[in-house]
Amino acid sequence: MFILDQYIELWIAYGKGKKEGEQLEITVQNISETLFCTERNSKLIIKKLDELNWIVWFPGRGRGNRSKLIFQKQPIPLILAKGKEITRKGDVKSGISFVERYSSQFPSVKKEYEVWVDSIFGHKIERTSEGRRDVLRLQVQMNLDIAIDPVYATMRSECHMVKHIFDTLVYVNEQSNYIEPRLAFHWEYNDAEKIWTFYLRKGVHFHNRKQLTAHDVIHSLNRFIKAENNPHAWMLQHIESVRAVDEYIIEIQLHTENRMFLHMLSAEQCSIVNEDEAGNLIGTGPFKLSEKNAHLFVLEVHDLYYRERSFLDRIELLNVEQSVNTYDILVKAQYKDQEKHNKELSRLESNVTYLTCNLAKEGPMQDELFRKALYKIIHGHAIIKELGGERGEVAKELLLASDSIVEIEEEIESLIKESTYYYEVLQLYTFTGQDHVEDARWIQKECAKYGIRVESNFLEIEDLLEISTIQKADMMHDSATISERIEDSLLYMFLTKNSFIHGQSNMDFHKTLSPYFKQEQVEKRVTLLRDIEETLLRQIQVIPLYRNKQQVTSHEKLQNIMINSQGWIDFYKIWFKP
């Protein structure tokens, strides 16, 4: 803010140490010399500062009469006001940067700003002309320009937000594994004809107040099926056609039996959408998207939601450079003087961090001896012990396989010597997040001890998920999302087009899983999935590394807080005691 900088220069030169309201004599020439500008520009600056009520200016009349100046504002409140203005727009990073520009001249300003920032986060009750509003404001360290198209939702943050903005026809209860109603309140299946019939709720409103009809369901499912480069196309691959019986009844004709069809329809990628004139996707979920950019993501409650209304009226996520744990802020910003009332909620993630070996590419990874050596180098407690953080325990499997599925007796040196590896540089690709960078560099360091050359590549999400990237990488480092819906989680890893396991394995997953969808017995379906996982591990196509420990600090006033498989809390369910 150039005018603020000019004011501060003048204040330091002439106002520092003066009493508030004290009048001092000065000339336009003095101001020009201080600001290194012409007298004409000095007069324009004086006029602007006078209009802002930052100064009072009494121009000298006649030869030899000096002008008089009163500084009306101390610089620190002006700096703080501008920093707060930037922050309230959602750009915390720029707010911090702005204030830090002046911290050398005014050392206390940074601390005052930090105290204010701390005070705005957590659960806040705001009073508006429409009454009380419960706002949850959180700090995160991520780009918040999150893609909100259910069809392409891949990252945990995308999937989590899609679940809050959109709804599906049915829902799978992760605790009981039962199918529950959502937009459809009843459904039937004609086994002989392979036809599913769904009965839609009446009076369900999209966020644009339009009411849900069969047309919206047909549009959404056809949109999913026809979507270009849809990585999740396998979910609805068995649909032959969709038709409306009337406004609230639809029929889905399958061409092949699929005993997991309701599970597929419950996936957030199969959410029902409406589109406005600009092509923006509209949902029926408990929250509507209010604003999003790289710095700010805002959800507001959907007052016409067909289920129970959320306690929260508004959720604001703000991207910051340095942040405490996302959910610790629920406590520390609001209850920092009441630590005795805090409680720890932690769980070991089902999600597993792993490394894939590209068997679909010519090179050292084709050699099983080399893959065995790689396994022995990077699998074990060393990565957890050395890097620490949220890394909780060694992962010996993805989900279902036996703990002892991989046993290698040979020494690392002899495995490498007998392999076909000849000092080729292996390309390791992963995300730009701190934990991914730490892991990749650790793997690179450990491999170097045995003469294995690894080059780490850190890409943004969009680039990393490109099929071409997956194909050219020798290794991919990732963390797989595994929910309580075990079958769905493994199907996602094995069949999703931009899944690293799918893209780098030499297994034909679609062919191998063809009988899976026709199998009615859960035990037999799970056995098939376990066999695939064990094959991937036994052949060292996938090397599990560790599972993270998630921990949330919550206050006794914060109710119904649970960590989901995406590593987030459910904004729809939490509420606060007074």
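The values are calculated or read from the model by the stated rules, or taken from the named source; none is laboratory data. All values reported here derive from a predicted model rather than from experimental measurement. We place every Cβ from the backbone using ideal geometry, glycine too, and count neighbours over all the protein chains shown.
Assorted remarks:
- When the criteria are applied in full, residue 372 meets the requirement of being farther than 24 Å from residue 459 by Cα, of a type in the set (D, E, K, R) and touching a helix residue (DSSP H, G or I) at 6+ places or on another chain (Cβ under 6 Å).
- Within region 255-277, the residues that satisfy the criterion of being touching a residue at least 24 places away in the same chain (Cβ under 8 Å) and either among the β-branched types (Val, Ile, Thr) or in a loop (DSSP other than H, G, I, E, B) (or both) are 255, 256, 257, 258, 259, 260, 266, 267, 271, 272, 273, 276.
- Filter result for residue 491 (out of contact with any strand residue (DSSP E or B) (no Cβ under 9 Å at 6 or more places or on another chain), over 17 Å from residue 152 (Cβ atoms) and among the hydrophobic types (A, V, I, L, M, F, W, C)): yes
- Residue check, residue 319 surrounded by 15 or more Cβ atoms within 10 Å (Cβ to Cβ) and modelled with pLDDT under 50: no
- The requirement of being surrounded by fewer than 20 Cβ atoms within 10 Å (Cβ to Cβ), in a helix (DSSP H, G or I) and basic (Lys, Arg) is not satisfied by residue 497.
- Of the residues making up region 417-456, those that are surrounded by fewer than 18 Cβ atoms within 10 Å (Cβ to Cβ), outside any loop (DSSP other than H, G, I, E, B) and without any contact (Cβ under 8 Å) to a residue 40 or more places away in the chain are 417, 425, 434, 437, 441, 444, 445, 448, 453, 455.
- Check on residue 414, small (Gly, Ala, Ser), exposed (fewer than 13 other Cβ atoms within 10 Å of the Cβ) and in a helix (DSSP H, G or I): yes
- Residues in region 426-476 that are out of contact with any Cys (no Cβ under 8 Å at 6 or more places or on another chain), closer than 25 Å to residue 385 by Cβ and of a type in the set (A, V, I, L, M, F, W, C): 11 in all.
- Condition met for residue 184 (of a type in the set (Gly, Ala, Ser) and within 18 Å of residue 283 (Cβ to Cβ)): yes
- Condition check for residue 99 on (1) surrounded by fewer than 14 Cβ atoms within 10 Å (Cβ to Cβ); (2) within 30 Å of residue 295 (Cα to Cα): one failure, at (1).
- Pairs, first assigned by TED's automatic domain parsing to the domain that holds residue 357 and surrounded by 19 or more Cβ atoms within 10 Å (Cβ to Cβ) in region 467-479, second of a type in the set (Lys, Arg) and modelled with pLDDT of 95 or more, C-beta under 7 Å, six or more apart: 474/361
- Region 98-154, residues that are over 12 Å from residue 80 (Cβ atoms) and acidic (Asp, Glu): 100, 118, 126, 130, 134, 145, 149
- Failed item, numbered, when residue 43 is tested on (1) without any contact (Cβ under 8 Å) to a residue 40 or more places away in the chain; (2) touching a strand residue (DSSP E or B) at 6+ places or on another chain (Cβ under 6 Å): (2)
- Going through (1) surrounded by fewer than 20 Cβ atoms within 10 Å (Cβ to Cβ); (2) assigned to a helix (DSSP H, G or I) one by one, residue 113 falls short only on (1).
- Qualifying positions in region 137-157 - closer than 26 Å to residue 120 by Cα and touching a helix residue (DSSP H, G or I) at 6+ places or on another chain (Cβ under 8 Å): 137, 138, 139, 142, 146
- Residue in region 36-45 that is touching a His at 6+ places or on another chain (Cβ under 6 Å) and surrounded by 18 or more Cβ atoms within 10 Å (Cβ to Cβ) present: no
- Residue within region 119-129 that is over 23 Å from the mean Cα position of the chain (by Cα) and within 30 Å of residue 21 (Cα to Cα) present: no
- Any hit, region 428-443, residues being over 27 Å from the mean Cα position of the chain (by Cα) and under 16 Å from residue 374 (Cβ atoms): no
- Flag for residue 247 being of a type outside the set (Lys, Arg), under 20 Å from residue 510 (Cβ atoms) and without any contact (Cβ under 8 Å) to a residue 60 or more places away in the chain: no
- Members of region 449-489 found to be within 30 Å of residue 418 (Cβ to Cβ) and not charged (D, E, K, R), listed by number: 450, 451, 452, 454, 456, 457, 470, 471, 473, 475, 476, 477
- Filter result for residue 244 (of a type in the set (A, V, I, L, M, F, W, C) and assigned to a loop (DSSP other than H, G, I, E, B)): no
Rundown of residues vs (1) in contact with a strand residue (DSSP E or B) (Cβ under 8 Å, 6 or more places away or on another chain); (2) closer than 20 Å to residue 215 by Cα; (3) at pLDDT below 95; (4) part of a strand (DSSP E or B), yes/no style:
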position	(1), (2), (3), (4)
279	no, yes, yes, no
291	yes, no, yes, yes
311	yes, no, yes, no
344	yes, no, yes, yes
352	yes, no, yes, yes
355	yes, no, no, yes
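- Restricting attention to region 513-543, the residues that are within 14 Å of residue 260 (Cα to Cα) and of a type in the set (Lys, Arg) add up to 3.
- Count of region 267-277 residues which are at pLDDT 95 or above and either surrounded by fewer than 21 Cβ atoms within 10 Å (Cβ to Cβ) or not hydroxyl-bearing (Ser, Thr, Tyr) (or both): 7
- Taken over region 1-34, the criterion of being in contact (Cβ under 8 Å) with a residue 12 or more places away in the chain and under 46 Å from the mean Cα position of the chain (by Cα) is satisfied by 1, 3, 4, 6, 7, 8, 9, 10, 11, 12.
- Residues located in region 381-399, provided they are under 17 Å from residue 448 (Cβ atoms) and in contact with a strand residue (DSSP E or B) (Cβ under 7 Å, 6 or more places away or on another chain): 383
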